[in-house]
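Below is one structure, written out as structure tokens, with a few remarks after it.
The values are calculated or read from the model by the stated rules, or taken from the named source; none is laboratory data. Quick caveat: nothing in here was measured; it's all calculated off a predicted structure. As a convention, Cβ positions derive from the backbone with ideal geometry for all residues, glycine included, and neighbour counts pool all protein chains shown.
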Amino acid sequence: MSNRQSKTDVILIGAGIMSATLGTLLKELVPDWKITVFEKLASAGEESSNEWNNAGTGHAALCELNYTVEKPDGSIDVSKALKINEEYQVSKQFWSYLVNSNLIRNPHEFIMPLPHLSLVQGEQNVSFLKKRFEALSNNPLFQGMEFSDNPQKLKEWIPLIMDGRDSNEPIAATRIESGTDVNFGSLTRMLFDHLQSKNVDVRYKHSVEDISRTNDGLWDLKVINVESGLVEHHQAKFVFIGGGGGSLPLLQKTGIPEGKHIGGFPVSGLFMVCKNPEVVAQHHAKVYGKAKVGAPPMSVPHLDTRFIENQKSLLFGPFAGFSPKFLKTGSLFDLLGSVKPDNVFTMLAAGAKNVPLTKYLIQQVMLSKEQRMEELREFIPNAKSEDWDTVVAGQRVQVIKDTAAGKGTLQFGTEVISAADGSVAALLGASPGASTAVSVMLEVIKRCFPQELAAWEPKIKEMIPSYGLSLLQHPELIEEIHTSTGRALGLTNELALV
Ligand SMILES: Cc1cc2nc3c(=O)[nH]c(=O)nc-3n(C[C@H](O)[C@H](O)[C@H](O)COP(=O)(O)OP(=O)(O)OC[C@H]3O[C@@H](n4cnc5c(N)ncnc54)[C@H](O)[C@@H]3O)c2cc1C
């Protein structure tokens, strides 16, 4: 068969962390299946999964306040935080399996231990944080969480943030040692190197333009070789659409009923980055604040130590903004092009409901560097403009769909959309994102390969010992997982002091 036409078992669209994870899981489960990957860019992990395009937080709800909501009766709903934490334990177990099996090496090139803190100011916020601490700190998943409203203690924890702070407002923080910084770009590249070593056919600079069903039930992909301009056709029994922001248009092309009445709302992002070693040395943590009133959850400000290319830097942001592009490398017509007869009313309803959000995002785009520095100074009072540069982050396309809450409701999570026969699945949305890639891809496997699941279960359990078990109902497993993943991934306290 010519290079411009092929038949394979599995096609993965996009070389981001999601396809990398699904491909790696499938290669372990069924090594002899033929897998082909099409990526329109020149290498893996160049869009949202790239280290400079996301914040690299190993999301385990240790510090992200938007995962614990205060209920009208004043109590704290921790259900989302528990779910995300459990999902992160699944990711860590899978990564540990890969390291222990020598399928990937040098875990410190993609994961580093880093304390996670939440920081709030003002009486009401301090009271919320205290209640959140009380609701979580006795849970074994959040073991070791500390709370302090003593400025002296906070100065020990976060000197850069406390220096020059002269407000008399109450201030408080929680801190937990067991947080992580993850370089998802590096991990994605490692996984693709591994996949290529296992004969997965990864074709960079190949853009998938159309997907249609053949008479014999396969999916036919029209692919353009970006360099030569030549059109190719490739067929597979199963297709995963892991195009990040580019997934929605591809899902629409499949024509599956499950993909109808869904829209996308693109949110752009900017970070401020500091590489001045003197400043960088004064901070060693991820510190999450509270989103401003009217701001979307993905613009919760945070100040993070990052470990990228063996260098420490600080990242502050993200400043969410509006751009009609679905990918950082996308087109200004992406949003308009995604409006179809089946989702036009959903999109219009979302547009009408989200005027204040859109206005907020447009205002954010218009901020000058000095205005952004002012926001940064709420975190680091003595921050100097010359120490900070602006970097453009990845695009997040939030799902819009009709729910019980009404037509055109904006969703802030990740969603797997799959055909009833399991022959195609797409991943939409971007939060909590890369951290939960393993759980999300296991969900794809569960939905799309139900007949194989029983036979695959022993291998899944070998890779992820807690698979199928609730950690909350098996607290004895938590300690075991912390120890074994800590050892495999190098997440020990000695490393935390580096
Ligand atoms: C500002 C920001 C901050 C974030 N912070 C965090 C964080 O701290 N922690 C966390 O866990 N997650 C975070 N995320 C989310 C996380 O980055 C994403 O969930 C994750 O990277 C998505 O991976 P993906 O593989 O789905 O998409 P991507 O990494 O975007 O990969 C999709 C790939 O598909 C390719 N593609 C698209 N269309 C086509 C096509 N038609 N043909 C061929 N190839 C195509 C693209 O070029 C791209 O390489 C953040 C995201 C953003 C934007």
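Structure notes:
- Some residue of the range 83-90 being of a type in the set (Lys, Arg) and not in a helix (DSSP H, G or I): no
- Looking across the range 241-268, the residues that are surrounded by fewer than 23 Cβ atoms within 10 Å (Cβ to Cβ), more than 15 Å from the ligand (Cβ to nearest atom) and on the phi < 0 side of the Ramachandran plot come down to ILE256, PRO257, GLU258, LYS260.
- Filtered residue count, the range 65-90, keeping only those that are in contact with a helix residue (DSSP H, G or I) (Cβ under 9 Å, 6 or more places away or on another chain), among the acidic types (Asp, Glu) and modelled with pLDDT under 95: 1
- Leading residue by the ranking (nearest to VAL226 (Cα to Cα)) among those in the range 317-360 that are of a type in the set (S, T, N, Q) and more than 24 Å from the chain's Cα centre (by Cα): ASN343
- Residue check for ASN138: without any contact (Cβ under 8 Å) to a residue 12 or more places away in the chain and closer than 27 Å to LEU471 by Cβ: yes
- Failed criterion for LYS359 (all others in (1) closer than 21 Å to ASP334 by Cα; (2) buried (at least 17 other Cβ atoms within 10 Å of the Cβ); (3) more than 14 Å from the ligand (Cβ to nearest atom) hold): (2)
- Boolean, GLU415 is free of Cβ contacts under 8 Å to residues at least 12 places away in the same chain and either buried (at least 20 other Cβ atoms within 10 Å of the Cβ) or of a type in the set (Asp, Glu) (or both): no
- Selection over the range 395-423 of residues that are in a strand (DSSP E or B) and small (Gly, Ala, Ser) gives a count of 3.
- Evaluating VAL69 against the criteria (1) within 16 Å of the ligand (Cβ to nearest atom); (2) over 30 Å from SER331 (Cα atoms); (3) β-branched (Val, Ile, Thr) leaves one unmet condition, (1).
- Meets criteria (hydroxyl-bearing (Ser, Thr, Tyr), within 16 Å of the ligand (Cβ to nearest atom), within 29 Å of LYS83 (Cα to Cα) and over 18 Å from the mean Cα position of the chain (by Cα)) for SER423: no
- Test result for SER148, free of Cβ contacts under 8 Å to residues at least 60 places away in the same chain, surrounded by fewer than 16 Cβ atoms within 10 Å (Cβ to Cβ) and more than 24 Å from ARG306 (Cβ to Cβ): no
- Only a single criterion out of (1) part of a strand (DSSP E or B); (2) within 20 Å of the chain's Cα centre (by Cα); (3) of a type in the set (Lys, Arg) is not satisfied by LYS290, namely (1).
- In the set (1) closer than 26 Å to ASN50 by Cβ; (2) of a type in the set (S, T, N, Q); (3) away from the ligand (no atom under 11 Å from the Cβ); (4) touching a helix residue (DSSP H, G or I) at 6+ places or on another chain (Cβ under 8 Å), GLN411 fails one condition alone, (4).
- Every condition in (1) within 16 Å of the ligand (Cβ to nearest atom); (2) free of Cβ contacts under 8 Å to residues at least 40 places away in the same chain holds for THR403 except the one numbered (1).
- Test for ALA44: is it in contact with a Gly (Cβ under 8 Å, 6 or more places away or on another chain), touching a residue at least 12 places away in the same chain (Cβ under 8 Å) and over 19 Å from SER439 (Cα atoms): yes
- A single member of LEU187, LEU141 is within 12 Å of the ligand (Cβ to nearest atom) and of a type outside the set (D, E, K, R), and it is LEU187.
- Residue in the range 11-34 that is closer than 30 Å to ASN310 by Cβ, assigned to a helix (DSSP H, G or I), of a type in the set (Gly, Ala, Ser) and within 9 Å of the ligand (Cβ to nearest atom) present: yes
- Top-ranked residue in the range 326-347 [being touching a strand residue (DSSP E or B) at 6+ places or on another chain (Cβ under 6 Å) and in a loop (DSSP other than H, G, I, E, B); ranked as farthest from the ligand (Cβ to nearest atom)]: ASN343
- Total residues in the range 219-255, condition farther than 19 Å from SER19 by Cβ and among the aliphatic types (A, V, I, L, M): 2
- Test: residue in the range 316-324 that is buried (at least 21 other Cβ atoms within 10 Å of the Cβ), part of a loop (DSSP other than H, G, I, E, B) and hydrophobic (A, V, I, L, M, F, W, C): no
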